[in-house]
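Q: So that we are looking at the same thing, I have put the structure below in structure tokens.
Coordinate-derived values only; no laboratory data. Values in this document were obtained by computation on a predicted structure and should not be read as measured data. Cβ sites come from the backbone with ideal geometry, for glycine too, and all protein chains shown count toward neighbours.
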Amino acid sequence: MGIAREVFGDALPIAERYAEFLADAGVERGLIGPREADRLWERHLINCAVVAEAVPENARVVDIGSGAGLPGLVLAIVRPDLSITLLEPLLRRTNFLIEAVDLLGLENVEVRRGRAEEVVKEFSMDVATARAVAPLERLARWALPLLRPGGELLAMKGERAAAEIEEAAPVLKRFGVRTTELLQVGQGKVEPPTTLVRVVADRAPRPAKGSKKRSS
Ligand SMILES: C[S@@+](CC[C@H](N)C(=O)[O-])C[C@H]1O[C@@H](n2cnc3c(N)ncnc32)[C@H](O)[C@@H]1O
């Protein structure tokens, strides 16, 4: 528990309550696999909490496909300065998230039911996060329109991170992306450290090929 204390600090009791809720209601309602209950801290809570190292202060964050709240709810616990929207299309999951936010007494979280591609007009966020939602090529198409110019996507990825960047190159180019880079966070806290793909949105997407310019 030494690392958990280091990572969560004063928020550790809230993280412990969330871990209990995941192990209990999360498993019972099928949001977390039964085998995950024994490795919640290392694989889920700490792994997600270290993403905070890459999130700027006071950022407005949308967590796309939050599921049971990973990583968005963990970020809200560890970083009270952030304003977090948990975006999730499935009712069973948004109900779970609303209950969790209430149970943990978090005031910096909103739960929004919907698909990323359906809520574009509502958001102009500083940061979008996502874990295990879609390959970067599709995730970028969903996330970049939710960001303000200069906002950034932080996608938690595994060993295929570099390959996914290559596959997403045409989409990233079309969106006028300025920077795409691999980051490692959680050095010395999680083994292996968490890999993030950081994509900085530059400007509005160019019109798709074949679309016509409006004449004035
Ligand atoms: C494999 S789960 C991962 C959940 C969580 N991020 C985690 O790491 O445990 C993928 C989640 O993405 C959500 N999802 C799928 N398509 C989506 C979309 N178009 N917009 C937002 N969320 C989506 C699903 O409902 C599901 O909860």
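Q: Would you check which residues across region 131-154 are hydrophobic (A, V, I, L, M, F, W, C) and over 18 Å from Val120 (Cβ atoms) and list them? Spell out how you get there, then give the answer.
A: Restricting attention to region 131-154, the residues satisfying the condition of being hydrophobic (A, V, I, L, M, F, W, C) are 132-134, 136, 139-140, 142-144, 146-147, 153-154.
Result: Ala132, Leu136, Leu154.
Q: Consider region 74-106. How many of its residues are polar (S, T, N, Q) and near the ligand (Cβ under 10 Å from one of its atoms)? Write out each step before concluding.
A: Step one: of region 74-106, the residues polar (S, T, N, Q) are 83, 85, 94-95.
Checking the rest, the ones that are also near the ligand (Cβ under 10 Å from one of its atoms) come to 94.
Count: 1.
Q: Can you pull out every residue in region 40-78 that is more than 20 Å from Leu139 (Cα to Cα) and either touching a Cys at 6+ places or on another chain (Cβ under 8 Å) or acidic (Asp, Glu) (or both)?
A: Those that are more than 20 Å from Leu139 (Cα to Cα) and either touching a Cys at 6+ places or on another chain (Cβ under 8 Å) or acidic (Asp, Glu) (or both): Glu42, Glu53, Glu57, Val74.
Q: I'd like to know if region 174-196 contains one or more residues that are touching a strand residue (DSSP E or B) at 6+ places or on another chain (Cβ under 8 Å), under 21 Å from Glu117 (Cβ atoms) and in contact (Cβ under 8 Å) with a residue 60 or more places away in the chain.
A: Among the residues of region 174-196, not one is touching a strand residue (DSSP E or B) at 6+ places or on another chain (Cβ under 8 Å), under 21 Å from Glu117 (Cβ atoms) and in contact (Cβ under 8 Å) with a residue 60 or more places away in the chain, which makes the answer no.
Q: Quick one: in region 112-137, which of the residues that are part of a loop (DSSP other than H, G, I, E, B) and not charged (D, E, K, R) is farthest from Val200 (Cα to Cα)? Outline the logic, then answer.
A: Of the residues in region 112-137, the ones part of a loop (DSSP other than H, G, I, E, B) are 114-115, 119, 123-124, 132-135.
From the residues that got through so far, the ones that are not charged (D, E, K, R) too are 114, 119, 123-124, 132-135.
Values: Gly114: 24, Val119: 20, Phe123: 16, Ser124: 13, Ala132: 20, Val133: 19, Ala134: 18, Pro135: 17 Å.
Per the criteria, the residue is Gly114.
Q: Something else now. Here are Val111, Val119: which of them is in contact with a strand residue (DSSP E or B) (Cβ under 8 Å, 6 or more places away or on another chain), surrounded by fewer than 20 Cβ atoms within 10 Å (Cβ to Cβ) and not basic (Lys, Arg)? Write out each step before concluding.
A: On the way: Val111 fails: surrounded by fewer than 20 Cβ atoms within 10 Å (Cβ to Cβ).
Of Val111, Val119, the one residue that is in contact with a strand residue (DSSP E or B) (Cβ under 8 Å, 6 or more places away or on another chain), surrounded by fewer than 20 Cβ atoms within 10 Å (Cβ to Cβ) and not basic (Lys, Arg) is Val119.
Q: Right, next: Given the condition in contact with a helix residue (DSSP H, G or I) (Cβ under 7 Å, 6 or more places away or on another chain), closer than 26 Å to Ala49 by Cβ and in a loop (DSSP other than H, G, I, E, B), answer yes or no: does some residue in region 85-106 qualify?
A: yes
Q: For region 138-173, which positions are small (Gly, Ala, Ser) and either crowded, with 18+ Cβ neighbours inside 10 Å or not in a helix (DSSP H, G or I) (or both)?
A: From region 138-173, those small (Gly, Ala, Ser) are 140, 143, 150-151, 155, 158, 161-163, 168-169; that's our starting set.
Result: Ala140, Ala143, Gly150, Gly151, Ala155, Gly158, Ala168.
Q: Right, next: Scanning region 39-73 for residues that are part of a loop (DSSP other than H, G, I, E, B) and within 8 Å of the ligand (Cβ to nearest atom), which turns out surrounded by the most Cβ atoms within 10 Å (Cβ to Cβ)?
A: Initially, region 39-73 is screened for residues part of a loop (DSSP other than H, G, I, E, B), giving 55-59, 65-71.
Subsequent filtering for residues that are within 8 Å of the ligand (Cβ to nearest atom) retains 65-71.
Numbers: Gly65: 22, Ser66: 27, Gly67: 21, Ala68: 24, Gly69: 31, Leu70: 26, Pro71: 28.
Among residues in region 39-73 that are part of a loop (DSSP other than H, G, I, E, B) and within 8 Å of the ligand (Cβ to nearest atom), the one surrounded by the most Cβ atoms within 10 Å (Cβ to Cβ) is Gly69.
Q: Is it the case that region 7-20 has a residue that's in contact (Cβ under 8 Å) with a residue 12 or more places away in the chain, charged (D, E, K, R) and outside any helix (DSSP H, G or I)?
A: Looking for residues that are in contact (Cβ under 8 Å) with a residue 12 or more places away in the chain, charged (D, E, K, R) and outside any helix (DSSP H, G or I), one finds none in region 7-20, hence no.
Q: Could you please give the count of residues in region 108-146 that are more than 11 Å from the ligand (Cβ to nearest atom) and without any contact (Cβ under 8 Å) to a residue 24 or more places away in the chain?
A: Residues meeting the conditions: 2.
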